[in-house]
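The values are calculated or read from the model by the stated rules, or taken from the named source; none is laboratory data. Since the model is a prediction, treat every value here as computed from it, not as a measurement. Cβ sites come from the backbone with ideal geometry, for glycine too, and all protein chains shown count toward neighbours. Protein only, heavy atoms only, side chains kept; ligands, DNA and RNA dropped before computing areas. Shrake-Rupley method; radii C 1.70, N 1.55, O 1.52, S 1.80 Å.
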Amino acid sequence: GFAMGRDGHLKVPQIGRVIVQDDVEIGANSCIDRGALKDTIIGEGTKIDNLVQIGHNVIIGRHCVIVGQVGISGSTEVGDFVVMGGQAGLVGHIKVGAGAQIAGGSHAKDDVPAGARMGGTPARPFREWAREIAAIRRLANRHPSSSGGTED
């Protein structure tokens with residue numbers, strides 16, 4: 001880590017550890033940052049795909065599935081049995097409850113309740129997100145207005 005000093009960035013040693021519990025799989029080119037002061041912990045049975053970034057002090061629960069290109073920012077807590085789709089992201093210092101699902105390409109900026117299904121950016125309940133996407137699709141498929149506009 002770094003802290004801003006009068007003469008620029010000052011290196012702050014990261015003295016925590018990375019604890020990988022039993023039956024964890026970590027894919028190629030994934031990076032798990034050691035804790036700054038506390039430990040970064042990957043819970044037993046968790047499966048981490050390729051190209052995943054896990055920040056410092058993150059705690060991931062047991063039997064999670066984290067798909068490729070996910071980013072989890074520092075000091076985030078992920079409960080047991082959480083599933084994160086490809087290219088999803090979590091901002092730092094939030095909590096994701098047990099059994100939650102984060103759709104691919106979605107980004108949670110606030111705590112996610114246990115068992116929630118979230119989608120979109122920023123992530124919101126999946127059904128709400130799906131309705132918004134459907135409404136946008138309907139608008140895009142409307143016929144041109146009678147105001148003289150033309151289609152390309």
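Things worth noting here:
- Rounded to whole numbers, the Karplus 3J(HN,Hα) couplings from phi for region 57-71 are 6, 6, 10, 10, x, 7, 6, 8, 10, 10, 7, x, 6, 7, x Hz, using 6.51 cos²θ - 1.76 cosθ + 1.60 with θ = phi - 60°, and x at Gly and Pro.
- In degrees, nearest ten, helix 126-140 long axis to first principal axis of the chain (Cα): 40
- Remark: the residue 31-residue 128 segment gains 31.6 nm on full extension, using 0.36 nm per residue and subtracting the alpha carbon distance.
- Computed FRET value (nearest 0.05) for residue 107 with residue 143, which takes r as the C-beta separation and R₀ as 35 Å: 0.55
- Sorting the segments 44-51, 20-27, 9-16 by their mean number of nearby beta carbons within 10 angstrom, highest to lowest, gives 44-51, 20-27, 9-16.
- Counting protein heavy atoms only, the chain has 54 percent of its accessible area on carbon and sulfur, 1.4 angstrom probe.
- Accessible surface computed residue by residue for region 1-71, with neighbouring protein chains in place and a 1.4 Å probe, gives 60 Å² per residue.
- Förster radius 41 Å - calculated FRET efficiency between residue 121 and residue 7 (Cβ-Cβ, nearest 0.05): 0.65
- Qualifying GluC sites (Glu not before Pro) in region 63-152, where qualification requires a DSSP coil assignment and no more than 15 other C-beta atoms within 10 Å, comprise 151.
- Amide H to amide H, with H built 1.01 Å from N, residue 26 comes under 5 Å of 48, counting only residues 5 or more places away or on other chains.
- Shape category assigned to region 16-90 from the gyration tensor of Cα positions, a/c cut at 1.5: rounded
- 10 Å binning of all Cα-Cα separations within region 9-152, expressed as whole percents from 0 upward: 13, 38, 24, 12, 8, 4, 1
- For residue 47, the lysines whose Cα comes closer than 20 Å to its Cα, not counting residues fewer than 8 places off in the same chain, are 95.
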